[in-house]
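Please read the structure below before turning to the comments.
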Amino acid sequence: MLAIIGGSGLTTLDGLTLLESLNVETPYGATSAPIEKGVFAGRDVYFLARHGKNHGFAPHEVNYRANLWALESLGVTAIIGVNAVGGISAEMGPESIVIPDQLIDYTWGRESSFSSVGDVIHADFTFPYTQSLREQLLATAKEIELSVFSQGVYGVTQGPRLETAAEINKLEKDGCDIVGMTAMPEAILARELDLEYVNLSLVVNMAAGRSEGVITMDEIYRVLDIGMIHIRRLIAEAIKRIL
Ligand code: HPA
C-alpha cells in the first residue's frame, strides 16, 4: 500500500475520494493529522498532511516518528514524500520539480531514530531514497512529458527561519542543489522501518541570496499553487502505472 505525505501546499490531496479518516495511536504520540484512507487515481492510498491540516506544526515540531510508525502499522510499504524547497543551483528555479538522489542533514534536536536503549539501529543510508521508486517516477514524468530534474542533493535545514545568503553559499559548497526543512528525519525513519521512500520536491523560491531582494511568502504561495498541480498529476499518473 502506498502513502503520500504532503508538505506545504499539499495539505489536502485534491482528487482523493475519502473513505476513512484514521486517528492512529502510536508509542510516540499523535500523528500530524488524521491519516486519510481513500482512492486516488483508481488506487487505494493513504494521505497524511505533514504539517497538520491547518499547517500547525513547524518543520522542527512535526512528530515524524508518530507519522512513520502509524503509516507502517496500517500496512504501508511505500511512501512518496512531497516537499516545497528553495533552489540553490541556478538551473533549479521556481516551479522546477526535483527527484533528489541524495541529502545532507543539517537539522538538530529532532527525534530521528526508532532506536531504543539496548536496541540500537545503524541503518545503511548510503542511498537515502529508494532507487526503484525514483526510476518509476522519472519514467512516468517522461511519458507525460513533464520536465523534472532526475537527481539533486537536498540540504535539510532546521528552520523555521529561512537561511542567510552565507549559509546558502556554504550549502552550495557542500554540494546541495536544493534546500528545505522537512526531508529529515522522515527519510531515515522510513529506512529504519524498511519502507520504500522517495522524495518529490517542488522549488518554490530561489534560496537566500540567489535572487534580487528577499524571499516573500506571497511569491512562495503563488508558485506552490501552480506547481502542486503538476506534482499531483505526476503522482496520479505514476500510481496508475506502478506502485
Ligand atoms: N529554504 C528552506 N526551506 C524552504 C525554502 C528555502 O528557501 N523554500 C521552501 N522551503
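The values are calculated or read from the model by the stated rules, or taken from the named source; none is laboratory data. Predicted model, so just to flag it, every value in this text is computed and none were measured. All Cβ positions, glycine included, derive from the backbone under ideal geometry; neighbour counts span all protein chains shown. Ligands, DNA and RNA are excluded from the accessible area calculation, which covers all protein heavy atoms including side chains. Shrake-Rupley method; radii C 1.70, N 1.55, O 1.52, S 1.80 Å.
Tabulated results
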item	result
Selected residue (only one of 146, 68, 171 is in contact with a His (Cβ under 9 Å, 6 or more places away or on another chain) and among the aliphatic types (A, V, I, L, M))	146
Tally of residues being out of contact with any strand residue (DSSP E or B) (no Cβ under 6 Å at 6 or more places or on another chain), part of a helix (DSSP H, G or I) and more than 14 Å from the ligand (Cβ to nearest atom) across the range 188-224	4
Qualifying positions in the range 2-33 - within 15 Å of residue 231 (Cα to Cα) and among the aliphatic types (A, V, I, L, M)	3, 4, 5, 10, 13, 16
Residues located in the range 185-199, provided they are open to solvent by 10 Å² or more (accessible area, probe 1.4 Å) and in contact (Cβ under 8 Å) with a residue 12 or more places away in the chain	188, 191, 192, 193, 195, 196
Lone qualifier among 153, 148 - being buried (at least 16 other Cβ atoms within 10 Å of the Cβ) and closer than 12 Å to residue 85 by Cα	153
Test result for residue 105, within 16 Å of the ligand (Cβ to nearest atom) and in contact with a strand residue (DSSP E or B) (Cβ under 9 Å, 6 or more places away or on another chain)	yes
Residue check, residue 74 over 18 Å from the mean Cα position of the chain (by Cα) and touching a residue at least 24 places away in the same chain (Cβ under 8 Å)	yes
Number of the condition not met by residue 173 [criteria: (1) under 25 Å from residue 76 (Cβ atoms); (2) open to solvent by 60 Å² or more (accessible area, probe 1.4 Å); (3) more than 14 Å from the ligand (Cβ to nearest atom); (4) modelled with pLDDT of 95 or more]	(1)
Residue 117 being within 13 Å of residue 182 (Cα to Cα) and either away from the ligand (no atom under 16 Å from the Cβ) or of a type in the set (A, V, I, L, M, F, W, C) (or both)	no
